[in-house]
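K.L.:
Sending over a structure as structure tokens; questions will come in a sec.
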Amino acid sequence: MLKFLRQPVRDGKELMKIFHSLSVIVMGFWGTALADDGAVVIVGDAGATCLQDPHCINRLHPEIEMSATADPGKMIVFNTRNASDFEIIPKPGAPDPRMLGPKASTVHPLTGPVRITGAHRGDILAVTIEKIDPGPFGYTQIGAIGFVSDQIKGRLRVLWKLNEKYAESEALPGVRIPNASFPGVVTVLPGAEELKEILARETALNDSGGAVFGPQPVNAAPAALCGETGAKKLECLRTIPPREFGGNLDTRYLGVGATIYLTCQVEGCGLAIGDVHYAQGDGEVAGTAIEIDAAVTVSTRLITDSDAILKTPHFEGPARLLGIPSKRFYATTGFPIKDKDSSPPDMAYLESPHLAGLENLSKDLSLAARNALLAMIDHISRTYNLTPEQAYIVASVAVDLRIGQVVDAPNVGVSALLPLDIFVEQE
């Protein structure tokens, strides 16, 4: 650290970088909830858990109070927690009492919300990812929501050691995952009208047997509004799915340099960020990426005179974010073909009398993607001497599911791309 401070400062931009690094270190050391030096607003990390931090939420509702205020153009540093809000390296002793509640009831801890000065309902908020400082460790685990966890049933949790360039794990020898950090969740608060519509449609889907994470007051933050005795406990949205106003997009293209456009639905917008990933393949197929604690620096811009109506988030960025971190790749393909008398698990709730008897579904991208992924897991397992569970983890953090075509009925095509340079010789 002292060596870093003794280095000569060559320009104003470098001075800002040094100030940013120092601010993040100071915030982490003293655990201050909020600092505003006039140039940078720093939010979050005032307690060990989201429930203890007044600048952390894990539910979404229009009546959630703002944690901070920032002018458009001002740098905002969000000190974020990992997706589960648990210790990445668990401490010995009694289990965390939050783990005893309903599954995933702490997901996702979000830092914020931040009021953007001058923002009104209907304005578009442009959020640019300026910098991401990852913590020293991350984890990936096979979850119940994994894309093919009905086929890969073994439980596995991998601990990663991180540096600025790559992640490595003793559980996956010979695998090195390049740093491609991005926030999984970038969101504004939902409006009152939109909240009613979302609750109605998700309740209807849940009542029909569809996969839905409905309101859950256990371990909810803010507790006063969304918790077990909260005034709106049955209205606070879970952060697990993305929605029209943003949320858990889990899109790896939202790295440093990307700008995401969100429509404000409440006064001040209420910007919140969390669920940072050190790396992720397109699909996050095991249910998690490399989940980390991180400091995310963003800048914002308000668009108030546009006639555009964004019904869902839009984003843009440098083309380098679209590439794979490798000079070479290997790919498998998938088509919507299945065994007779079977139904894909994500379609079972439809209770179609025709589905099980068919061996070919028409233009079903989900089934095609499952088949491409299962073929890739088999390839990784056989080629690199890994268990199916280990291969599933590798696929979640590195393999991209990409649509080839959607017009060649009945067999639309999905490819699973594996970057080969992630496999390194063991020292």
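K.L.:
Regarding Ile309, is this residue touching a strand residue (DSSP E or B) at 6+ places or on another chain (Cβ under 7 Å) and either over 19 Å from Val399 (Cβ atoms) or crowded, with 22+ Cβ neighbours inside 10 Å (or both)?
P.N.:
no
K.L.:
May I ask you to verify whether Asp378 is surrounded by 12 or more Cβ atoms within 10 Å (Cβ to Cβ) and either closer than 27 Å to Ala171 by Cβ or among the small types (Gly, Ala, Ser) (or both)?
P.N.:
yes
K.L.:
Here's a check for you: in segment 240-277, which residue that is outside any strand (DSSP E or B) and β-branched (Val, Ile, Thr) is surrounded by the most Cβ atoms within 10 Å (Cβ to Cβ)?
P.N.:
Per the criteria, the residue is Val266.
K.L.:
Is it true that Asp305 is out of contact with any Phe, Trp or Tyr (no Cβ under 9 Å at 6 or more places or on another chain), in the same structural domain as Glu130 (by TED's automatic domain parsing) and in a strand (DSSP E or B)?
P.N.:
No.
K.L.:
Against the conditions (1) in a loop (DSSP other than H, G, I, E, B); (2) among the β-branched types (Val, Ile, Thr); (3) over 17 Å from the mean Cα position of the chain (by Cα); (4) within 30 Å of Ala231 (Cα to Cα), where does Thr106 fall short? Just the number, please.
P.N.:
The failed condition is (3).
K.L.:
Moving to a separate point now. Looking at this structure, is Ala119 in a strand (DSSP E or B) and touching a residue at least 40 places away in the same chain (Cβ under 8 Å)?
P.N.:
no
Conditions tested, residue by residue: (1) among the aliphatic types (A, V, I, L, M); (2) assigned by TED's automatic domain parsing to the domain that holds Ala409; (3) more than 30 Å from Cys50 (Cα to Cα).
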site: Gly274; (1), (2), (3): no, no, no
site: His277; (1), (2), (3): no, no, no
site: Ile292; (1), (2), (3): yes, no, no
site: Leu310; (1), (2), (3): yes, no, yes
site: His314; (1), (2), (3): no, no, no
site: Pro318; (1), (2), (3): no, no, yes
site: Met347; (1), (2), (3): yes, yes, yes
site: Asn360; (1), (2), (3): no, yes, yes
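K.L.:
For segment 74-102, what are the residues that are touching a Ser or Thr at 6+ places or on another chain (Cβ under 9 Å) and modelled with pLDDT of 80 or more?
P.N.:
Hits for segment 74-102 are Lys74, Met75, Ile76, Val77, Phe78, Asn79, Thr80, Arg81, Ala83, Ser84, Asp85, Phe86.
K.L.:
Restricting to segment 126-138, give me the number of residues that are touching a Leu at 6+ places or on another chain (Cβ under 9 Å) and either outside the structural domain of Ile240 (by TED's automatic domain parsing) or surrounded by fewer than 21 Cβ atoms within 10 Å (Cβ to Cβ) (or both).
P.N.:
Selection size over segment 126-138: 4.
K.L.:
Before we move on, is Phe335 surrounded by 14 or more Cβ atoms within 10 Å (Cβ to Cβ), under 27 Å from Val414 (Cβ atoms) and touching a Ser or Thr at 6+ places or on another chain (Cβ under 7 Å)?
P.N.:
For Phe335, the condition - surrounded by 14 or more Cβ atoms within 10 Å (Cβ to Cβ), under 27 Å from Val414 (Cβ atoms) and touching a Ser or Thr at 6+ places or on another chain (Cβ under 7 Å) - is not met.
Yes/no matrix, rows are residues, columns are (1) part of a strand (DSSP E or B); (2) at negative phi; (3) within 25 Å of the chain's Cα centre (by Cα):
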residue: Tyr330; (1), (2), (3): yes, yes, no
residue: Met347; (1), (2), (3): no, yes, yes
residue: Ala368; (1), (2), (3): no, yes, yes
residue: Ile377; (1), (2), (3): no, yes, yes
residue: Ile380; (1), (2), (3): no, yes, yes
residue: Leu386; (1), (2), (3): no, yes, no
residue: Val394; (1), (2), (3): no, yes, yes
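K.L.:
Could you tell me which of the residues Leu237, Leu205, Leu189, Leu195 is surrounded by 21 or more Cβ atoms within 10 Å (Cβ to Cβ), out of contact with any Gly (no Cβ under 9 Å at 6 or more places or on another chain) and in the same structural domain as Thr111 (by TED's automatic domain parsing)?
P.N.:
Leu195
K.L.:
Further question: Filter segment 180-189 down to residues that are in contact with a strand residue (DSSP E or B) (Cβ under 6 Å, 6 or more places away or on another chain) and in a loop (DSSP other than H, G, I, E, B), then give me how many there are.
P.N.:
Result for segment 180-189: 3.
K.L.:
Residues that are among the polar types (S, T, N, Q), assigned to a strand (DSSP E or B) and within 27 Å of Ala68 (Cβ to Cβ): does segment 278-297 have at least one?
P.N.:
yes
K.L.:
Select from segment 95-123 the residues that are hydrophobic (A, V, I, L, M, F, W, C) and over 19 Å from Ala68 (Cα atoms) and write down the one among them that is surrounded by the fewest Cβ atoms within 10 Å (Cβ to Cβ).
P.N.:
Once the filter is applied, the top-ranked residue is Leu100.
K.L.:
If you scan segment 103-148, which residues turn out to be within 26 Å of Cys269 (Cβ to Cβ) and in contact with a Lys or Arg (Cβ under 6 Å, 6 or more places away or on another chain)?
P.N.:
Across segment 103-148, the qualifying residues are Thr106, Pro109, Ala126.
K.L.:
Can you name the number of the only condition in (1) over 26 Å from Asn82 (Cα atoms); (2) in a helix (DSSP H, G or I) that Arg320 fails?
P.N.:
If we test Arg320 against (1) over 26 Å from Asn82 (Cα atoms); (2) in a helix (DSSP H, G or I), just (1) comes out false.
The values are calculated or read from the model by the stated rules, or taken from the named source; none is laboratory data. Bear in mind that the values here come from a model prediction, so they are computed numbers and not experimental data. Note that each Cβ is placed from the backbone with ideal geometry, even for glycine, and that neighbours are counted across all protein chains shown.
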